[in-house]
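Below is one structure, written out as structure tokens; comments come after it.
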Amino acid sequence: MFRKKSLSLMVVVPAVLILLFGGVVSFAQRVPPPEEVLGFKVGADYHLATYQQAIEYFRALEKASPMIKLFEMGKTAMGKPMIYAVISSAQNMAKLDHFKEISRKLALVKGLTDEEARRLAAEGRAVVYIDGGLHASECAPAQHNIQLAYDLLTSEEPDIRLILDNTILVLVFANPDGMDMLAEWYHPNVGTSYEVSSMPWLYHKYVGHDNNRDSYMVNQVETQNLTRLVNQEWYPLVLYNHHQTGPFPARIWIPPNSEPTNPNVHPLLVRWQNLIGCAMGAAFEQEGKEGVVSRIRYDSWYPGYVTQVVDSHNIMSILTETNLYRYATPHFYTLGDFPEEYQDFTISTFYPSPWKGGWWRLRDAVDYCLTASKAVLHTAAKYHAELLYNKYQMGRDVIARFQKEPPYAWIIPQSQWDAPTAALLLNKMILLGIDVYQAEESFVSDGISYPAGTWVIPMNQPFALFVKNIFEEQRYPDLMKYPDLWQGLVRPQMFPGAYLPPYDMAGWTLPYQMGVKVSTANTLLEVSLTPVERVVPPAGRVERGAGYAYLISPKTNNSFIAVNRILKKGGEVLWAGDSFSVEGKSYPPGTLMVLSRSVSRSFMDSLAKELFLTIGGTGGRISAKTYKLKTPRVALYKSWAANADEGWTRWLFEQFEFPYTNIHDAEVKAGELGNRFDVIVIPSQSTDAIVDGHKQGTIPPQYVGGITSKGVRNIKRFVEEGGTLVALNSGCLFAIDKLGLPVRDALKDVRPPGRREAPKDAKPPEFACPGSLLRMEFDSKHPVAYGMSEEAPAMFNRSPAFSILPSFEGEKGPAVIAKYPKESLLVSGFLMGEKYLQNKASAVEVPLAKGKVILLGFGVQNRAQPHGTFKLLFNSLYYSSAR
Ligand SMILES: [Zn+2]
């Protein structure tokens, strides 16, 4: 009943015959409609095109039309080529490099006067990046890419001609592996009772939904490819990232965004986002497409998203969330399905034509995506010269701002707790389009002297706001303090008088997460700087001969890679249980001692060089007690309720070369775990998902259920017989509840409900800490905290906190590895109700018969970002098999 005639653009398709480039290349073929290649119409019920099919179709388009060209940006995690299309008029396509160069010059500002910029802006084209399929289970956007390409290449509509003449579209499939996995999962289930079942694994080799939380960290190869495309090649004006989890019953969510907005964004950019969003809204009303909503739910605070990461690069980001039932299965909605507040079709400024229910099909979602994409392209086409100039202007303003006000630069000393990790941080910045330099000579800034070679990020660069955003401490704004400032905006899921939670994290300060020391220059820097293409840490070397043992610092994360390689080669490694000194040089507890009889000097030299490690040596035995390390046999629990934290952990193990085995429910239920493993790692996941898993009837039988009570008993037996259980973050609650540990979750009664769980009569929360960095104290004499400083910021993200039950305090009770201090906990983000965390433990070792449970009750490896706390997880693995 709902489908209106809204696709006049794709109805008239004349065969095209184009001769171009003085007759050198001819495109005499007819542009095939998608169904000729796919075998079904885009968005047809129960049909999803795979990535392979989509690319096959794009290749047919490339053969038939001079207005589209395909390029490869790199490979996916599973090794597929990531192909993207560029679409524009034939005239523009013949001069792509020229227009790319104009984009680059205007984005980078350097060397341009306003006058030259105006001339270039008038001559240039608006490069618009549009992607689909990042979140693969949100199917419509990737399918819409296919139809969008066809419509642009074949339409005779004046609006589309304007788009082709004035814009260059970079059209991207953001997650090719996921697109294929989804279609492969869905199609065999069509027509069965499992048609709309969740996929029991992540729709990316490692991170699933978190692929939209990786954008400032660029850990995953797809993120790296997209980042290079955007920040080093195309410098688009607009970046449009499609999603499909619109707030029900609205049919699509479009900008203007929700509050709060990120402060490190040029205000002109926010205005353009609003303007583009409103133009999209107008396009929907013109086409009679109802149910378009703005302003609620999706804010632009957190820069981990594909969209918000580019805002501080002066790229207007656009996010939309079309509505989704499940995959390509249609669904009929009645008024009874609507939340109460939507049942009377109340009209509002940002929801002027409420959706009234009816059928919703994949094709409807595709049509909404098409309207939205074309509106973005059309707006960019209309305003292309102004937008191009404004992009230059934003870069110019940012450069001017930081020539007049601090921070004038960020200074990153080479002398660090973990220097290779500091270099890694800077190389990520370079990948993200930031210019990094090295001081040619020593200098003084704010009274502090820095030697030659110190790394510097001057802020007089066009994307400097991005550096500020990532390096500074976040102060998430408090809604309760300034209600008028927020125009009374509330989220339906929250309570009266509650703070406005961010959609994702509140604080992310990357130098804190990575344990890297940085400082700001609050006065103008006077020092000669050399640009650096790739930051190289201070060279590693074997400092001295080792008659007895080589000594490797526990402070450097790369030490774990070194030790894993040494153990793999059969080298003997001891772990020092105390501090000690050799010829006046002191070594902390956790120092790794590689017996020289078991390794060659050349091998140690190569490790030092490749991993930038300074390796010491001792001629004789040391006074401290030692443990003998052995490659731990690691099991990583993998639930059929797909879990991104499991994927991140797996990815991290591979990066640091820890061998591991994924174990599923059946293996946990089968038992005999001690014969196979020294340690079982439980990722951050709810107890229900671990124990009960998917319910009967919701998914094919082989994926039903969790580890069950039998699995719980087997895990308990595994520990009692000498194994180690490591529970991460919310996974700790599973361990506490199911293993009966003498530890209590201190936040149990005050933890705020999830974003949409709050009952109507809920009271405002007394405690809230959405993804923030908190001060934490570590006992670096405990093996799990070896290599940590006594205090460091750590990531609280939906975390527990621990009180030890009084009768178990003391010698044989749980040992506190890390705890929250007694005051001033917040370093970045938002914390309400600090008293609930003060003096509470955040990581503990709980002995259980012959074994132990290590509760790491915060985000030690959250999204593979906090390099500063990875050690706790890695040490836990070694600790499980050290004797
Ligand atoms: Zn999404």
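So if we plug the beta-carbon distance of residue 835 and residue 123 into 1/(1 + (r/R0)^6) with R0 = 60 Å, what FRET efficiency do we get, rounded to 0.05? Could you put the intermediate results ahead of the total?
Details: r = 61 Å, r/R0 = 1.02.
Once the sixth-power term is evaluated, E becomes 0.45.
Report the Stokes-Einstein translational diffusion coefficient (µm² s⁻¹, integer) for the stretch 544-646, Rh taken as the Kirkwood radius over Cα pairs, at 25 °C with viscosity 0.890 mPa s. Display every interim value, and only then the final one.
Details: Rh = 14.6 Å.
In µm²/s, the coefficient rounds to 168.
Pairs of alpha-carbon atoms within less than 8 angstrom and 6+ residues apart define the contacts here; what relative contact order does the chain have, in percent? Please report the intermediate quantities before stating the final value.
Details: 2010 pairs, mean separation 95.8, N = 883.
11 percent.
By accessible area of protein heavy atoms, probe 1.4 Å, what ranking do 435, 418 get, highest first?
Solvent-accessible surface, decreasing: 435, 418.
Please work out the Kirkwood hydrodynamic radius for the chain, using every pair of different C-alpha atoms, and report it in angstroms with one decimal place. Before the final figure, lay out each step's value.
On the way: mean 1/r = 0.0343 Å⁻¹.
For the chain, inverting the mean 1/r across all distinct Cα pairs yields 29.1 Å.
At a Förster distance of 41 Å, what's the computed FRET efficiency of residue 850 paired with residue 585, Cβ-Cβ distance as r, to 0.05?
Working: r = 38 Å, r/R0 = 0.92.
Rounded to the nearest 0.05, the efficiency is 0.65.
Give, as a single signed number, the net charge of other residues whose beta carbon lies under 9 Å from the beta carbon of residue 259, with Lys and Arg counted +1 and Asp and Glu -1. Numbers along the way, then the final one.
On the way: positive: 295; negative: 299.
Overall, the nearby charge balance is 0.
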For the chain, what is the mean residue ellipticity at 222 nm derived from helices alone (per DSSP H run of n ≥ 4: -39500 (n - 2.57); sum divided by total residues; nearest 500 deg cm²/dmol)?
-9000 deg cm²/dmol
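Once you have the Cα-Cα distance between residue 268 and residue 347, take 0.36 nm times their residue separation minus that, and quote the gain in nm to one decimal. Before the final figure, lay out the partial values.
Numbers: separation 79, 0.36 × 79 = 28.44 nm, distance 2.91 nm.
That works out to 25.5 nm of additional length.
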Would you work out the Kirkwood radius for the stretch 205-297? I mean one over the mean of 1/r across all pairs of different Cα atoms, in Å.
15.4 Å
Between the stretch 507-572 and the stretch 573-608, what is the separation of their alpha carbon centroids in Å?
16 Å
Subtracting the Cα-Cα distance of residue 59 and residue 569 from 0.36 nm times their residue separation yields 178.8 nm
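Express in nm, to one decimal, how much length is gained between residue 96 and residue 198 on full extension, taking 0.36 nm for each residue of separation and deducting their alpha carbon distance. Can you show the working numbers first?
Values: separation 102, 0.36 × 102 = 36.72 nm, distance 4.21 nm.
Contour length minus the Cα-Cα distance gives 32.5 nm.
Counting other Cβ atoms within 10 Å, keep those with at most 13, restrict to DSSP loop, and tell me which GluC sites (Glu not before Pro) in the stretch 146-234 are left.
On the way: sites: 156, 184, 195, 222, 233; in loops: 156, 195.
Here the sparse-neighbourhood loop sites are 156.
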Pseudo-spin-label distance residue 41 to residue 449, built 7 Å along Cα→Cβ, given in nm, is 7.7 nm
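By the scheme Lys and Arg +1, Asp and Glu -1, what is the net charge of all other residues having a beta-carbon under 13 Å from that of residue 131?
Numbers: positive: none; negative: 138, 222.
It works out to a net charge of -2.
Rounded, prolate or oblate: which fits the stretch 761-841 when a ≥ b ≥ c are the square roots of the eigenvalues of the alpha-carbon gyration tensor, with rounded for a/c under 1.5 and prolate only if a/b beats b/c?
Details: a/c = 2.60, a/b = 1.39, b/c = 1.88.
Oblate shape, in that a/c is at least 1.5 and b/c is the bigger or equal ratio.
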Does anything in the stretch 446-483 have its amide N under 12 Å from the 7 Å Cα→Cβ label point of residue 401, and if so which residues?
460-469
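Can you give the Rg/Rh ratio of the stretch 611-651, where Rg is from the C-alpha atoms and Rh is the Kirkwood radius? Don't skip to the end; give the middle numbers.
Values: Rg = 18.5 Å, Rh = 14.9 Å.
My calculation of the ratio gives 1.24.
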Quick one: how many lysine pairs in the stretch 589-715 have C-alpha atoms under 29 angstrom apart, if they're 8 or more apart or on different chains?
10
Once phi for every residue in the stretch 417-424 is put through the Karplus expression 6.51 cos²θ - 1.76 cosθ + 1.60 (θ = phi - 60°), the whole-Hz ³J(HN,Hα) values, with Gly and Pro written as x, are 4, 9, 4, x, 5, 5, 5, 4
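How large is the accessible surface per residue of the stretch 275-343, computed with a 1.4 Å probe and reported in Å² as a whole number?
Numbers: 2000 Å² over 69 residues.
I get 29 Å² per residue for this part.
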Given the protein chains as shown and a 1.4 Å probe, how many square angstrom of residue 187 are accessible, to the nearest 10?
70 Å²
Spatially proximal lysines relative to residue 481 (Cα-Cα < 26 Å; intrachain offsets below 8 disregarded):
468, 760, 763, 822, 835
The Cα radius of gyration of the stretch 671-781, divided by 2.2 N^0.38 Å with N its residue count, comes to 1.30
Cα-based reach from residue 374 at 16 Å (exclusive), listing aspartates and glutamates while leaving out same-chain residues under 8 positions away:
131, 151, 156, 157, 159, 165, 285, 287, 321, 364
What base-10 log of the normalised intensity I(q)/I(0) is obtained for the stretch 596-693 from the Debye formula, alpha carbons as equal point scatterers, at q = 0.11 Å⁻¹?
-0.53
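Taking all protein chains in place and a 1.4 Å probe, what share, in percent, of the accessible surface of the chain do carbon and sulfur account for?
Ligands and nucleic acids excluded, carbon and sulfur give 52 percent.
With every protein chain present, what is the per residue accessible area of the stretch 48-143 (1.4 Å probe, Å²)? Each step should come with its number before you reach the end.
Numbers: 3520 Å² over 96 residues.
Solvent-accessible surface per residue comes out at 37 Å².
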Roll a 1.4 Å probe over the protein chains and send me the accessible area per residue for the stretch 670-801 in Å².
42 Å²
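The values are calculated or read from the model by the stated rules, or taken from the named source; none is laboratory data. The model shown is predicted, which means the values in this text are computed figures rather than measured ones. When we count neighbours, we look across all protein chains shown, and the Cβ atoms used for this are built from the backbone with ideal geometry, even at glycine. The accessibility values were calculated without ligands, DNA or RNA, using every heavy atom of the protein model including side chains. Shrake-Rupley method; radii C 1.70, N 1.55, O 1.52, S 1.80 Å.
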